[in-house]
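The values are calculated or read from the model by the stated rules, or taken from the named source; none is laboratory data. What you are looking at is a predicted structure, and each value in this text was computed from that prediction instead of being measured. All Cβ positions, even for glycine, are placed from backbone atoms using ideal geometry, and neighbour counts span all protein chains on display. Surface areas here come from the heavy atoms of the whole protein model, side chains and all, with no ligands, DNA or RNA. Shrake-Rupley method; radii C 1.70, N 1.55, O 1.52, S 1.80 Å.
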Amino acid sequence: MFPDPSSRSAELFARAAAVMPGANTRHMVTFGPYVVYGDHGEGCRLTDVDGNVYLDWINNFSTQIHGYGFEPVLEAVRAQIEKMICCILPSEPEVELAELICSRMPGVEQVRFANSGTEAVMVAIKGARGLTGRSKIAKAEGGYHGQFDLVEASFLPTPDNWGPDDRPAAPPFGRGTPKSLLDQVVVIPFNNVEATIARLEENASELACVIIDPIPARLGFTPATLDYLMAIRDFCTRNGSLLIFDEVFCNRAGYHGAQGRLGVTPDMTVMGKIIGGGFPIGAIGGLRSAMSVFDNLAGPLRVSHSGTFTANPISMAAGVAAMKHLTPQAFDQLERQGDRFRAGLTQKMNAAGLEMRANGVASMTSLQFFREPALNYREFHRRSGDNYLQRMRALHRAMLNEGVLMATRGVMIGSTAMSDADIDETIERAGRALAAFAALPNAA
Ligand SMILES: Cc1ncc(COP(=O)(O)O)c(C=O)c1O
């Protein structure tokens, strides 16, 4: 049972606390009173250092789309390691992965690689600024685009700092964020066409780009509406600002990415996670016209993009192997199983008498403490209630004790390693966890 003070995980956590602030290097995946330490994985199951086995419904926040020990990725990585880990020259797998991505994504005619989603977002914004000569960016309220202060403006805002509904403020996430930086961020209300276009028009002459995650995890995977995306697309075209889709997470919404699924083509697309086959990666793709800003063969260099480990051959080779197995049939399976999962969870939520919702798209699911879908950050925040984090922590623990690993904010991510039997087993286990959770004081 978690927590167990005599466990190996508790011991490792105590050792880590002595040498690492907060005993971690990854705030988003920590929980209390200590964190379970992973040891090995097979298929969709992960075993911790105490031998507890979990059905893994995080898959490292999406990167392990084929689960653990996926032989084609292991083979490709073994072969690449034997040949060359890294060198100063580009490698063939880089070209192969670029070709694969460009052949699938409607808005990606050319692509460049980075080491993480955060880095790719930074480079895309730099590119948009270089192309337009403008400095401001617009982002949706509550949107997550990685770990740097510019895009962290209005990440997890609260009623005391979020400003009017139709003119959201840009509160800093970290103390000491320069005001001059926050002045460069125009925050738009997700899925509110009128207020968003008014905000964009007000800042039109200074706007380099609008960056938006069209199926945001933080908003429980409720997609942006087609009207909303089309209105922003139209504004960007008229205004010469770049429309950037952040598909670091939601790229797994389909074979042609979220943009293929939703039917709107951005100028640039930021990717990461699944395209690296479980290894560190990020990518900036886009239409030729947008990507030309990085073209140092065409004339003087306008925007620089490099990095010691950029396009490292291991990530490239793993990415090629993983993506080749992400066929249209694989996406169909993920979609069908996602629907089966959410339907099963909904039944269990109802059986436990909980006012909850299993929301999501394809293999991305979010457990929510309300029944009607929330269309924007404020609805999600208000409906989740004041004790949201406390309740989510309790549910997370109940799941852990039933052998189901989910993210601390109720995000659950599937993989191709799961069979229908694994889905059904998870639903049964989750059902017991939900019932245990429902029996706790303050659960409802
Ligand atoms: C939408 C989105 N953008 C950017 C990032 C940052 O990617 P990374 O963690 O690889 O830096 C993430 C990571 O979860 C993400 O979900």
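The table below lists the values:
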item	result
Among residues of the stretch 385-414, those that are open to solvent by less than 40 Å² (accessible area, probe 1.4 Å), part of a helix (DSSP H, G or I) and under 24 Å from residue 340 (Cα atoms), counted	6
Filter result for residue 363 (crowded, with 18+ Cβ neighbours inside 10 Å and touching a Leu at 6+ places or on another chain (Cβ under 8 Å))	yes
Any hit, the stretch 278-286, residues being closer than 30 Å to residue 383 by Cβ, in contact (Cβ under 8 Å) with a residue 40 or more places away in the chain and in contact with a strand residue (DSSP E or B) (Cβ under 7 Å, 6 or more places away or on another chain)	no
Among the candidates 311, 352, 317, 290, residue that is in the same structural domain as residue 58 (by TED's automatic domain parsing) and at pLDDT 95 or above	352
Unique residue being part of a loop (DSSP other than H, G, I, E, B), surrounded by 19 or more Cβ atoms within 10 Å (Cβ to Cβ) and within 15 Å of the ligand (Cβ to nearest atom) when the list is 155, 113	155
Residues located in the stretch 176-187, provided they are in a loop (DSSP other than H, G, I, E, B) and under 24 Å from the mean Cα position of the chain (by Cα)	177, 184
Single residue of 193, 185 found to be open to solvent by 50 Å² or more (accessible area, probe 1.4 Å), touching a helix residue (DSSP H, G or I) at 6+ places or on another chain (Cβ under 9 Å) and assigned by TED's automatic domain parsing to the domain that holds residue 135	193
Residues being exposed (fewer than 15 other Cβ atoms within 10 Å of the Cβ) and farther than 18 Å from residue 233 by Cβ - total across the stretch 267-308	11
Long-range neighbours under 8 Å by Cβ, at least six apart or interchain, first residue over 11 Å from residue 214 (Cβ atoms) and open to solvent by 40 Å² or more (accessible area, probe 1.4 Å) within the stretch 254-266, second in a loop (DSSP other than H, G, I, E, B) and of a type outside the set (Val, Ile, Thr)	255/326; 256/105; 256/106; 265/106; 265/107; 265/287
Number of positions in the stretch 144-160 that are hydrophobic (A, V, I, L, M, F, W, C) and touching a Ser or Thr at 6+ places or on another chain (Cβ under 8 Å)	2
